[in-house]
Structures are given as C-alpha cells and as structure tokens.
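The values are calculated or read from the model by the stated rules, or taken from the named source; none is laboratory data. These numbers come from a predicted model, not from an experiment. Cβ placement follows ideal geometry from the backbone for every residue including glycine, while neighbour counts extend to all protein chains displayed. The protein model used for the area step is the full one, side chains on, heavy atoms only, and it has no ligands, DNA or RNA in it. Shrake-Rupley method; radii C 1.70, N 1.55, O 1.52, S 1.80 Å.
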Amino acid sequence: MAHNGPMVRPAQLIHPQRPLVPTRPAATLLLLRDSGARGGLEVLMTRRAASARFAPNAFVFPGGCVDAADASAQAHALATRRPGQSVACLTETIAALRETFEELGILLACHADGAPATAADVARLDRRAPLVAQLAAHGLQLAAADAPPLARWIGARDLQCRFDTLFLLARMPAGQTPRADETEQFEPLWLRPQDALERHANGALDMIYPTVKTLQWLQQHADVASALGALHGVADDAVDADAPLWISCPRAGLRQGALARFMESEPPFGELELVCPDGQPLHPLDWQSHAPVPLLRNLQRLTAPNPGVMTGPGTNSYLVGDAQTGYIVIDPGPDDAAHAQRLWAAARRADGAGGHIRAIVCTHSHPDHAPGARTLQALCASSGAGSAPPPILGLPSAPTARAASAFTPDRALQDGETLVLAPPITSNNNGHDASSAATHTLRVIHTPGHAANHLCLILCEDGLLFSGDHILGGSSTIVDPPDGNMTQYLDSLDRLARLCAGENLRFILPAHGHAMNQPLQKIARLKAHRLAREARILAAAQACPQGALDDWLALAYADLPRAAWPLARRSLIAHVQRLQALGLIAAPPAPSAPQ
C-alpha cells in the first residue's frame with residue numbers, strides 16, 4: 001500500500017496525523033456449495049463470540065491468525081501446493097484450513113493418493129489438539145491446492161485492531177457437517193449471498209465491511225464452478241500465482257454523519273486519502289452547496305448548486321491559498337449570485353473579512369465554469385476592500401466555441417506560466433524575513449481537447465493537478481466538435497501523464513466529482529476507455545460503411561442506455577473526425593439529423 005513521490009505538505013493537512021496500528025497476518029476460508037432446489041450457491045458463515053475483541057457477534061467466514069506452526073516445514077510437507085505458490089501464501093492457506101477445522105470441524109484434506117478425506121477420517125481427529133501431528137499419524141494432507149486466493153483485506157487505517165487477511169475460496173468437502181466450537185464461533189449458517197446481504201441490510205445479520213463486499217462479489221456467480229473458475233483464471237494466467245482478484249485497505253469517511261467505508265475503486269477513496277492520509281474517519285462526503293468543504297489548509301472546494309446529467313453533483317469551484325497569502329479561485333462556476341457570495345465569504349483575511357481574492361481562473365469557457373467570474377469580480381470590487389478587483393484569467397474562447405461559451409479574460413494565460421500566492425514580507429529586528437506562512441504556486445498547462453481553450457493547473461508545492469473537465473471524477477468527459485477535438489484530447493492526456501510521472505503528482509482535483517488519487521492509473525484507464533470506444537466506432541463504420549452517424553451510434557454505443565445516446569453522439573463525431581484524419585475511414589458518413 002506504499003506510495004512514491006512527495007506528500008502534500010504536512011503543514012497543509014487539516015487533521016493532526018496519528019500512527020497506524022500494525023497489522024497481524026490472518027487467513028479466512030469461504031466454503032461454498034450449490035444450493036440445489038433454491039438455486040444459486042451458498043456460503044458457510046458463523047457468528048463470532050460476543051466477547052471477541054474484534055467484530056464481536058458479527059457473522060463472518062471461518063478463519064483466524066497465522067500461527068508459527070502454520071509456517072513449519074512439517075506443515076508445508078503435509079499440504080498440497082498450487083504451481084508457483086509462494087511459501088508465504090501456503091502458510092496463510094494452512095492457517096485458514098486449520099482454523100476452519102478448529103472452529104467448525106470442517107477439514108479440507110486428502111490422502112496421499114489424492115482421494116478426499118471422508119467424514120470418518122475427520123472424525124478421528126481432535127479439534128483441540130495440534131493438527132499437523134495428527135495429519136501425519138493418519139496419513140492425511142491438507143488440500144491447500146484446492147483453496148485459491150480470492151482477495152486480501154488489510155484492516156482499515158482507523159481501526160485499533162487490524163489484520164492483514166487472505167481470503168480463500170473452496171468447495172465444501174462432501175459428507176462433512178459444520179459444528180461450531182461454541183467458544184470462538186457459534187451458529188454456523190449456510191446462506192445465499194443475496195440472502196445474507198438482505199438480512200444485513202435489515203439489521204438481522206451484523207457483518208463487517210470486507211464480509212459485505214465479498215458477498216457482493218459472490219452473488220454475481222450462479223454456482224460454485226463459476227466462482228472458482230473466476231479464480232482459476234487468475235492463478236493460471238498471472239505472473240504471480242498468489243495474486244488475488246483484489247487487495248484492499250478501505251478508507252472511512254462520513255455520509256450523513258455516519259461512518260462509511262470505501263474500497264480503492266470507489267470514487268470517495270482518493271479524496272479520503274488526500275484529506276485524512278492516516279485514515280481517520282473525519283471527512284464529510286455529502287455533496288452540498290451551502291458551505292465550502294476544506295480539503296487542505298490551503299484548499300477549499302465549494303460545489304455550485306447546478307447538479308445534472310452533464311455536471312454530476314455540480315461544478316467544483318476551488319479556493320487555493322490562505323488568509324495571509326490571499327486566494328486564487330479556480331472555476332467560479334455558473335452565473336449564480338449566491339454561489340459567488342459564498343466564494344467571496346470563504347476567501348477570508350486574517351481579520352475575518354471576506355473577499356481576499358487575488359485572481360479568478362477559468363479552466364475553460366463552458367457555461368458551468370466561467371460565467372460566474374464577472375459576478376465574483378464585481379462582488380470583490382464592491383466590497384470596499386481598498387484594492388483593485390481580482391483579474392479574470394484564462395484563455396479566450398476560440399471561434400469554434402458555441403455562443404454560450406463566449407469568453408474573454410482580463411488577461412490570457414500562457415502555457416507554463418506560474419501564479420504565485422506569497423505572504424506579505426515582514427522583517428524582524430535583524431532585518432530578516434520573519435514570515436512563517438507558506439507560498440502556493442499554480443502552474444498553467446494548456447490542454448485542448450474538451451475545449452480549444454481548456455487549461456489545467458498544478459499546485460506545485462503539494463503535487464495536485466486541477467483538471468477542469470479534461471479528467472472528471474466518475475465518468476469520461478464529452479468531446480464536442482468543432483471546439484472539441486479528440487486527437488488534441490488524447491494528446492493532452494498524454495502530456496498530463498508525463499507531468500504526473502515526471503513531477504510525482506499525487507492527486508487530481510476535477511471540476512466535477514471527488515478528488516482522485518493515483519493520477520497515472522486514472523489517466524491510463526481513461527485513455528484506454530476512449531481508444532476502446534474508438535475501436536468500436538471503427539468496427540461499426542466498417543460493418544456499415546454506407547450508414548449514417550446514428551447507425552454507427554447504435555452499434556458502437558449499444559452498451560449504453562438509449563437516453564445517453566444524444567450526449568454520446570457528440571464524442572462519436574469527434575472520434576469519426578479523428579478516424580478520418582488517420583485515414584481509417586475513407587469518406588464522411590451519410591448525413592443524418594441530430595438527435
């Protein structure tokens with residue numbers, strides 16, 4: 001879970017950091033069976049003791065901590081092994097099988113000739129005695145090769161009791177019946193994943209987050225063969241034979257005041273890493289427009305009240321800076337007087353007065369980004385602060401822009417130029433600079449594609465990329481010709497990727513959606529998505545060369561709801577123009593009426 005590159009300056013973090021509790025190695029086993037008449041698969045679950053330190057009374061899969069005996073040479077010699085399986089993974093698998101036997105009396109084992117252990121074989125073993133010596137005495141081996149890894153869950157950073165747990169999957173051995181030890185585990189139940197999740201939602205089954213997420217994965221599979229088949233493909237094809245489907249150390253935030261956890265693939269995860277890198281569940285995630293949300297000491301986000309299909313939860317306006325340096329507002333949003341008033345009030349001086357805005361930057365000229373600039377500028381001018389109103393900065397709209405996107409800044413920004421917020425210089429008795437405040441430097445990056453005048457900004461000291469609409473949280477952006485250009489869009493993505501790699505940028509702050517971590521991975525997925533869509537458009541054009549745009553749209557975007565096609569059509573045109581420029585489509589398609 002380590003990261004490379006510089007961290008956000010510690011002094012800019014909102015919350016004091018605390019050390020993480022170390023994790024303990026553990027393993028758990030999901031035993032599956034086909035449910036027959038009811039349909040679908042079932043998984044074996046059991047209730048933890050009320051006195052348990054970790055997850056008391058929660059329904060879990062059997063398992064526990066890795067013991068020293070699990071790593072012994074004798075234990076390894078008495079376990080089957082998958083090709084390429086590491087010593088560490090074999091140890092964890094042995095631990096899961098041993099714990100399942102001790103807790104529920106179920107043993108995944110076989111004889112030397114590979115024949116599965118029978119219920120009578122298992123009945124001869126004592127669940128309270130060391131297992132390895134008994135296996136040797138009865139000529140049995142642990143069938144570790146029959147339990148491939150599914151996932152690795154690392155205890156969330158805010159927990160005081162943390163485990164690094166390998167989740168394994170196996171078919172329930174024939175003829176055996178689970179019987180709880182009535183000490184650590186109680187009430188073994190066979191449950192269909194969807195039933196367990198429904199009972200959990202109704203409050204009838206207490207479950208921890210990794211259990212819930214694992215059941216959500218299981219319910220996608222119709223039977224045991226399907227679930228195991230998904231893992232065999234990973235084990236057979238991966239360079240690392242121990243590679244699970246996912247590895248997760250969830251992060252926690254607040255939704256409607258209540259704790260909520262999120263995996264790495266879920267949109268809030270990156271924002272939680274930015275605001276609370278140590279994992280404390282302190283950051284509110286609810287979208288609202290009445291007050292700015294602090295992300296860092298030098299970064300606030302105020303979301304405009306313009307949610308919609310095109311804008312998601314609304315346009316994010318960012319305030320970079322602090323009370324000593326003043327602020328730069330990025331994307332003031334639509335022409336909304338109340339939103340401008342909130343931005344003005346959030347830009348506070350040391351004396352608490354608002355309007356300490358040094359500049360207003362528009363990433364591009366679309367109606368949900370730039371019109372609020374003049375309203376905010378006028379508000380600053382009328383506030384009686386005694387200073388000149390902040391300039392509106394950006395790139396003027398190109399002749400290709402739609403009428404609603406016409407924009408002329410007070411000054412055009414140059415690619416690569418910097419905007420610096422620095423504290424006032426004061427001197428001590430020795431004549432030296434006595435200021436202890438930080439400097440905040442924004443560098444301008446011209447990124448045409450979504451719009452001809454689109455730009456991004458880098459907050460250099462903290463490794464943050466403000467991406468405007470070029471990279472969005474949770475979706476891909478629309479590229480709408482003639483002002484939008486797909487080749488320029490992809491080239492700009494490549495440029496941003498080079499900057500992220502070369503300067504170790506850590507987070508993306510989009511104009512719509514949550515802050516994102518792992519910029520390189522996000523950009524790579526976004527480009528791969530666009531190129532995959534382009535391949536489908538090319539295939540549609542080749543399959544229907546005399547067709548109209550809407551014929552190609554129906555083929556290339558068949559995976560999207562028809563309601564999304566009018567928006568998708570804009571990007572389709574951009575892809576078609578790019579394919580024509582590349583010589584992959586010989587002639588423009590027949591005209592058709594726009595939808």
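Over the chain, DSSP H runs of length four or greater, each weighted -39,500 (n - 2.57), average out per residue to a 222 nm ellipticity of -8500 deg cm²/dmol.
In order along the range 524-537, phi translates into HN-Hα couplings of 4, 5, 5, 5, 4, 4, 5, 5, 5, 5, 4, 5, 5, 5 Hz, rounded to whole numbers, per the Karplus curve 6.51 cos²θ - 1.76 cosθ + 1.60 with θ = phi - 60° and x for Gly and Pro.
With protein chains left intact and a 1.4 Å probe, residues in the chain average 42 Å² of accessible area per residue. Helix 565-581 and the long axis of the chain differ in direction by around 80°, with both axes built from C-alpha atoms. Highest mean packing comes first when the peptides 555-567, 356-368, 45-57 are listed by Cβ atoms within 10 Å, giving 356-368, 45-57, 555-567.
Computed from Cα atoms, the angle from the helix 224-237 axis to the main principal axis of the chain rounds to 70 degrees.
When DSSP beta bridges are limited to those with both residues in the range 279-401, what percentage is antiparallel, rounded to the nearest 5? Expressed as a percentage, antiparallel bridges in the range 279-401 total about 70. Per-atom-type breakdown for the chain gives carbon and sulfur 56% of the accessible area (1.4 Å probe, protein chains only).
When all protein chains stay in place and ligands, DNA and RNA are ignored, the 1.4 Å accessible-area order of M310, M486, largest first, is M310, M486. Solvent-accessible surface of protein heavy atoms, probed at 1.4 angstrom with all chains present, puts C544, C500 in the order C544, C500, largest first.
Computed from backbone phi, the HN-Hα couplings of the range 454-460 come to 6, 9, 10, 9, 10, 7, 4 Hz, rounded to whole numbers (Karplus: 6.51 cos²θ - 1.76 cosθ + 1.60, θ = phi - 60°; Gly and Pro given as x). Protein-only accessible surface at a 1.4 angstrom probe places the residues W153, W190 in the order W190, W153, largest first. Helix 372-381 axis versus longest C-alpha principal axis of the chain: approximately 60°, rounded to the nearest ten.
Annotation: amide H of D67 has no partner in the under-5 Å range at sequence separation 5 or more or interchain, hydrogens built in the peptide plane. What separates the Cα centres of the range 33-83 and the range 492-509 is a distance of 42 Å.
Working from Cα pairs under 8 Å separated by at least six residues, relative contact order for the range 537-578 is 43 percent. Sorted on the mean count of surrounding Cβ atoms within 10 Å across their residues, most packed first, peptides 397-403, 206-212, 300-306 read 300-306, 206-212, 397-403.
The phi-based Karplus calculation (6.51 cos²θ - 1.76 cosθ + 1.60; θ = phi - 60°) puts the 3J(HN,Hα) values of the range 337-349 at 4, 5, 5, 4, 5, 5, 4, 4, 5, 6, 8, 8, 7 Hz, whole numbers, x for Gly and Pro.
Amide H to amide H distances under 5 Å link L32 with A170, R171, M172, where only residues 5 or more positions off or on other chains count and H is placed in the peptide plane. Counting only DSSP beta bridges whose two residues both lie in the chain, roughly 65 percent are antiparallel. Each peptide in 444-451, 531-538, 345-352 receives the mean, over its residues, of other Cβ atoms within 10 Å, and ordering these scores from highest gives 444-451, 531-538, 345-352.
Between the alpha-carbon centres of the range 356-419 and the range 237-296 there is a gap of 33 Å.
Take every Cα pair under 8 Å whose residues are at least 6 apart in sequence, average their separation, divide by the length of the range 69-148, and the relative contact order is 41 percent.
Placing unit charges on the Cβ atoms only, positive for Lys and Arg and negative for Asp and Glu, gives the chain a dipole magnitude near 640 debye about its Cα centre.
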